[in-house]
1. Going by the conditions given, is B:Ala159 more than 19 Å from B:Val91 (Cβ to Cβ), free of Cβ contacts under 8 Å to residues at least 24 places away in the same chain and open to solvent by 20 Å² or more (accessible area, probe 1.4 Å)?
2. Being in a helix (DSSP H, G or I) and farther than 30 Å from A:Phe37 by Cα narrows it down to one residue among A:Lys121, A:Lys135; which is it?
3. For region B:94-121, which residues satisfy the criterion of being within 14 Å of another protein chain (Cβ to nearest Cβ), out of contact with any Asp or Glu (no Cβ under 8 Å at 6 or more places or on another chain) and not basic (Lys, Arg)?
4. Exactly one of (1) within 18 Å of A:Ala99 (Cβ to Cβ); (2) of a type in the set (Phe, Trp, Tyr); (3) within 14 Å of chain B (Cβ to nearest Cβ) is unmet by A:Phe166. Its number?
5. Please determine whether any residue of region B:205-213 is assigned by TED's automatic domain parsing to the domain that holds B:Gly175, buried (at least 21 other Cβ atoms within 10 Å of the Cβ) and among the charged types (D, E, K, R).
6. From the set of residues in region A:205-221 that are more than 8 Å from every other protein chain (Cβ to nearest Cβ) and assigned to a loop (DSSP other than H, G, I, E, B), which is farthest from A:Ala161 (Cα to Cα)?
7. Is there any pair linking a residue in region B:68-85 that is within 14 Å of another protein chain (Cβ to nearest Cβ) to one that is acidic (Asp, Glu) and in a loop (DSSP other than H, G, I, E, B), with Cβ under 9 Å and at least six apart or on different chains, and which?
8. If B:Met128 passes every condition in (1) within 14 Å of chain A (Cβ to nearest Cβ); (2) closer than 20 Å to B:His25 by Cβ; (3) not charged (D, E, K, R) but one, which one does it miss?
2 protein chains.
Amino acid sequence: MPRFFIAASNLMGGVAYLDAKTAEHLKVLRIRKGESFTVCDGEGTDYICRLSPKGDGSADIIETRPTQGEPTVAVTVFAAFSKGDRPETVVQKCVELGAREIVFFPSARCVSRPDGAALIKKQNRWQMIALEAAKQSERGIVPQVRVHTAFDAAVAEAAQAEIPLFLYEEEHDLGLKAAMEARPEAKTISLFSGPEGGFEPEEAAFAGESGLISVTLGKRILRCETAPVCALSAVMYATGNM
Amino acid sequence: MPRFFIAASNLMGGVAYLDAKTAEHLKVLRIRKGESFTVCDGEGTDYICRLSPKGDGSADIIETRPTQGEPTVAVTVFAAFSKGDRPETVVQKCVELGAREIVFFPSARCVSRPDGAALIKKQNRWQMIALEAAKQSERGIVPQVRVHTAFDAAVAEAAQAEIPLFLYEEEHDLGLKAAMEARPEAKTISLFSGPEGGFEPEEAAFAGESGLISVTLGKRILRCETAPVCALSAVMYATGNM
């Protein structure tokens, strides 16, 4: 069933008042009066709606149920800026896989360092990709895509999670599995992932001093857009969300 | 250190005899006489080599060691043909993540069904992507990319693994985790993944009769190229390869 997100304030008295974008999208999908679709308020509730015969862009709510698509843990993916369409891949896949938020940040070896108007444009595009991925994957929220313009600020935020993981290819001892199993009750997890050339040793040292835990994802060297997707999949598995 | 695969028969008496492609690649990377690189025989051994001062395209083997990059389980990813660059994404990511082989097959809802010369061309391209991904991720083998031209034959092959998993969005009870934990000692695993529109119920029924085990990857609907990457990451986590 087609799925849309609309503001909770547009849902009242058994009626969903569709915004212009949603109405347009319904038209594109050729959904007619009397046909059903799902609207999610992004706050944990799905509304099964039927397009009103009035033709005024409203829809009758015929069933209400809790959203199913949210995992039991809040995972924030911190990904260094990367080249080309890699950030888009990270956003799309991580939203599908259940990330709560995606945060981009600059790192010493970043080849791409968007700022100013270019960054705002990119961020808008990433947010649009997050929305589309949330609809397609039947999420209960639209994960926010945010940006930190300083490495240190991103580290400081990541450190606040109960399990703050620093994905580091130079870590050879502690695996993601051991780190996850050390805190089985944790509900907030950060995954901090580097750019194309990996993190500088100084960055890893700073992250460690700030409370992040360096982990390896195994003996294979992953591309920068693969590492967060792999780690997030593993975390969903570890926390019983798969 | 740059990494290449060459046939074991080209390694003898402490010398690596480089084939034309590897020699060309060394030139592109501007590796000069006396500089080091790694050669892997694709059979479990890495050779640290130094380009010979003779300039005859040979290299002296200065150290021999077991390849580190292979996981302890053999996972074969069966992926339905899909559109655009999705098969390429599947090959690249699954090789990075440690798949033993990747096998494409046709399925009822496949939009793309390459055959004849087009299929051979695609298969060659996929194999080249597998080679590049194996070099980059420091694998000990180059996973083969194969094709089945019939759904039934792909199912029959997949069913031979100790844990033969059918990734099915209509499965709501058995999770990947429960299926993995039921056979913790397994060394061979199949991941059978559908096309853009998912599997037909008849295909799922046939797979079940053939011994495949339907599992869900959680409550989020994954794109066809995301599902095998997610499942493979989870399997590597479950089997202690992360």
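The values are calculated or read from the model by the stated rules, or taken from the named source; none is laboratory data. Please read all numbers here as calculations on a predicted model, not as lab measurements. For neighbour counting, all protein chains shown are included, and Cβ atoms are generated from backbone atoms with ideal geometry for every residue, glycine included. Accessible surface is based on the protein model in full, side chains and every heavy atom, while ligands, DNA and RNA are left aside. Shrake-Rupley method; radii C 1.70, N 1.55, O 1.52, S 1.80 Å.
1. no
2. On inspection, the qualifying residue turns out to be A:Lys121.
3. Within region B:94-121, B:Cys94, B:Val95, B:Glu96, B:Leu97, B:Ala99 meet the criteria.
4. Among (1) within 18 Å of A:Ala99 (Cβ to Cβ); (2) of a type in the set (Phe, Trp, Tyr); (3) within 14 Å of chain B (Cβ to nearest Cβ), the lone unmet condition for A:Phe166 is (3).
5. no
6. A:Ser210
7. B:Gln68/B:Glu138; B:Gly69/B:Glu138; B:Asp85/B:Glu225
8. (1)
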